[in-house]
Amino acid sequence: MSENKMKYGISLYSFANSFHTRRLDLEGCLKKAKELGAEGITIVAAQHCDEYPFPSDAWLYRLRDLMGKYDLEPVCWEGYLDVGMRSDRDLNEDEIAEYTRNDIVYAHKAGFKMMKTQHSISPKIFESMRPFCEKLNVKLCIEMHWPHTPLVPVWRDHYFKIMEKSDGWLGVNPDMSIFQKFPHGLHIRQAYEAGCDKDKIEAVLQLMREGKPESEIHKLDLSSEELKYAEEFYHKNYGNPDPSLLEPMLKYTHMIHGKFYYLDDDKTDPCIPYEEIMPIIKKSGYDGYIIAEYEGHHFSITEDDDVQLTRYHNLVKRLYEEA
Amino acid sequence: MDFTAFNAYMVCDDKIKRYQAGDIQLGYEFKCKYPTYRGAYICNIEELKVWVDGKEIEKDKMRFGCNNKWFLMSEIPEAYKEYWFTGSKATIRILDENGISSGEHTVKMFMKHKIPYTGYFGNYLVVDSECEKTLSVEE
């Protein structure tokens, strides 16, 4: 069995609330990531770059220099493929290819060896990018994010096959949201704040714990608001694949998104089954990064991202070491 | 629900500012932020409504200001290369030759906006954001 080869990083995305409110600027996010123990970072360009989607060389070189200043490995330039950026139509093939090449160039200039794109790139354009990746020495990976899973046909029938033939240049970035199995604390709290009855919501959660199908919620005499939350809980958390499906993907994995929404403590995550995930990663010998991605800011602006990231790293490091 | 926590930031706490030319009242302005963690292409705003003291403002009386440019509501769908950066303040200008009275006013804003990368299985996530604040007029 491989010993502790995996590396721990932080996505600056985790500091979304602090950045949005200007409590932290770009340098502040990097400094904070270092203080929290990250070896490397990723940056979501559409979030942190005020010149997006056309950053200047000056902006990119400043980012590179700041990562050097705080001794942080530039792990990944996280591009977004905003195929729906226009109101009249989706981007066409030429436009998707152009934005992808641009992001690869930006990654190179800022010192990253990896660029992350998204599922909508299409198999044809994804495969066509390999020569450009080699030329710029930047690997390209597609994020697999819920509601996609390894079982979605475009992955099973196309993307994995393209990765297999790419000598490592083209890969996947699995986001652990694909394995979420139970609503997180902030989502449940939202339901209560919206006026849902605690006993009714608890009854829905109990159905989920018992693995009962969504149709059972209609026997609970829920209000329209309670039904809305019950359906959201099931939609995001029920029927997602078993974490064992991660293992065959790890040979193509460039980095792992350590997604989490809210941790009460550093003992367990009721939403995403890291007790099952971390042993799979360790057993495989995976030696890339797990990038902490705190996403509770979609549900609450009152949580402390420092505290959440500390709990997350404590949790996954312990589970990895104990595996 | 996802993508809703930043709704509380959409109407900024900045004071309402009078829009005038010398002593001539032309209207008033307030500040707003795009209500999610990233920036937005302005054309991803699919609907924008504003109420001041409970009265809905007509579209032809509203202007949207961002990146030192001004847009008619009818121009917003065309602005696909105009990027409203994360957490930066845009301006809603209301044209009203009567200006606005001193003191406090309630400002409510509704925005329907598309999350442009979410086209999983052909469907984009479209979010309804709403925020109301009581703002005072800058004197």
Residue satisfying all of: in the stretch A:184-203; hydrophobic (A, V, I, L, M, F, W, C) and within 13 Å of chain B (Cβ to nearest Cβ); nearest to A:Glu226 (Cα to Cα) among these: A:Cys196
So which residues in the stretch A:270-310 are in a helix (DSSP H, G or I), more than 14 Å from chain B (Cβ to nearest Cβ) and of a type outside the set (Asp, Glu), if there are any at all? A:Tyr274, A:Ile277, A:Met278, A:Pro279, A:Ile280, A:Ile281, A:Lys282, A:Lys283, A:Ser284, A:Val307, A:Leu309, A:Thr310
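Which ranges mark the helices (runs of 4 or more DSSP H) fully within the stretch A:152-212 that have 1 or more residues being touching a Cys at 6+ places or on another chain (Cβ under 7 Å)? It would help to see each step written out before you state the result.
Details: elements: A:160-164, A:185-193, A:198-209.
Once the helices (runs of 4 or more DSSP H) in the stretch A:152-212 are filtered for at least 1 residues that are touching a Cys at 6+ places or on another chain (Cβ under 7 Å), nothing remains.
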A:Arg318 vs. criteria surrounded by fewer than 15 Cβ atoms within 10 Å (Cβ to Cβ), out of contact with any strand residue (DSSP E or B) (no Cβ under 6 Å at 6 or more places or on another chain), modelled with pLDDT of 95 or more and under 23 Å from A:Glu73 (Cβ atoms): yes
Complete set of residues in the stretch A:73-97 that are over 18 Å from B:Thr86 (Cα atoms), under 19 Å from the mean Cα position of the chain (by Cα) and part of a loop (DSSP other than H, G, I, E, B): A:Val83
Listed by range, helices (runs of 4 or more DSSP H) wholly within the stretch A:2-48 having at least 2 residues that are more than 12 Å from every other protein chain (Cβ to nearest Cβ) and touching a Ser or Thr at 6+ places or on another chain (Cβ under 9 Å) are A:26-35
Under 7 Å between Cβ atoms, which residue pairs at least 6 apart in sequence (or on different chains) link something in the stretch B:99-110 that is within 14 Å of B:Lys133 (Cα to Cα) with a partner that is in a loop (DSSP other than H, G, I, E, B) and of a type in the set (D, E, K, R)? B:His105/B:Asp53; B:Thr106/B:Asp53
Considering only the stretch A:103-125, state which residues are surrounded by fewer than 23 Cβ atoms within 10 Å (Cβ to Cβ) and more than 13 Å from every other protein chain (Cβ to nearest Cβ). A:Val105, A:His108, A:Lys109, A:Gly111, A:Lys113, A:Pro123, A:Lys124, A:Ile125
Condition broken by B:Ser101, with the remaining ones in (1) under 16 Å from B:Glu138 (Cα atoms); (2) more than 14 Å from every other protein chain (Cβ to nearest Cβ); (3) in a strand (DSSP E or B) satisfied: (3)
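Tally up the residues in the stretch B:40-59 that are farther than 15 Å from B:Glu82 by Cα and within 14 Å of chain A (Cβ to nearest Cβ), please.
Residues of the stretch B:40-59 farther than 15 Å from B:Glu82 by Cα: B:47-59.
With the extra rule that they be within 14 Å of chain A (Cβ to nearest Cβ), the set shrinks to B:47-48.
Summing the residues that are farther than 15 Å from B:Glu82 by Cα and within 14 Å of chain A (Cβ to nearest Cβ) in the stretch B:40-59 gives 2.
The values are calculated or read from the model by the stated rules, or taken from the named source; none is laboratory data. These numbers come from a predicted model, not from an experiment. No Cβ is skipped: glycine too gets one built from the backbone with ideal geometry, and neighbour counts run over all protein chains shown.
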